[in-house]
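Structure first, commentary second.
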Amino acid sequence: MEKTFKIRSYGRMELAQLYCPDIQPRSAWKKLKSWIDYYPHLNDTLASLGKTSATRIFSPPQVRAIVEALGEP
């Protein structure tokens, strides 16, 4: 049974684990962060939506922006 991805608030490591389920949470976060950094427009969009370097939880609009850039996990 296939699960559908839901746009909601996600902790950064929780979201990273959805994108990279086969690696450790910290490594998954580093990988997701590198993908976000690879897309300059995505980083700018997330910053305009309130993301800072201290952000630990992505809001639904931030998650939507990530999914629009990277695709569903």
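The values are calculated or read from the model by the stated rules, or taken from the named source; none is laboratory data. Since we're looking at a predicted model, the values are computed, not measured. Glycine also receives a Cβ, built like all others from the backbone with ideal geometry; neighbour counts cover every protein chain displayed. The area values use the complete protein model at the heavy-atom level, side chains included, leaving out ligands, DNA and RNA. Shrake-Rupley method; radii C 1.70, N 1.55, O 1.52, S 1.80 Å.
Near residue 12, within a Cβ-to-Cβ distance under 9 Å, what is the net charge of the other residues, with Lys and Arg +1 and Asp and Glu -1? Could the numbers behind the result be given before it?
Details: positive: 33, 56; negative: 14.
In short, +1.
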| query | Mind checking which aspartates and glutamates have their C-alpha under 13 Å from residue 30, skipping anything on the same chain fewer than 8 residues away? | reply | 14
| task | Set the Förster distance to 35 Å, then compute FRET efficiency between residue 4 and residue 53 from the Cβ-Cβ distance, nearest 0.05. | result | 0.65
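Express the relative contact order of the chain as a whole percentage, based on alpha carbon pairs under 8 Å and six or more residues apart in sequence.
40 percent
Per residue, how much space in cubic angstrom lies within the convex hull of the C-alpha atoms of the stretch 16-73? Please report the intermediate quantities before stating the final value.
Details: hull volume 4.3 nm³, N = 58.
Convex hull of Cα atoms, per residue: 75 Å³.
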| Could you give the angle, 0 to 90 degrees to the nearest 10, between helix 60-70's Cα long axis and the longest principal axis of the Cα atoms of the chain? | 80 degrees
| query | If the cut-off is 17 Å between C-alpha atoms, which lysines fall inside it for residue 33, apart from same-chain ones fewer than 8 positions away? | reply | 51
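Quick check: at a probe of 1.4 Å, how many percent of the accessible area of the chain sits on carbon and sulfur atoms? Each step should come with its number before you reach the end.
Working: 2610 of 5000 Å².
Carbon and sulfur atoms account for 52 percent of the accessible area of the chain.
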| request: Read phi for every residue in the stretch 19-35 and hand back ³J(HN,Hα) as whole Hz from Karplus 6.51 cos²θ - 1.76 cosθ + 1.60, θ = phi - 60°, with x for Gly and Pro. | output: 6, 10, x, 9, 10, 4, x, 5, 5, 4, 5, 4, 5, 4, 4, 5, 5
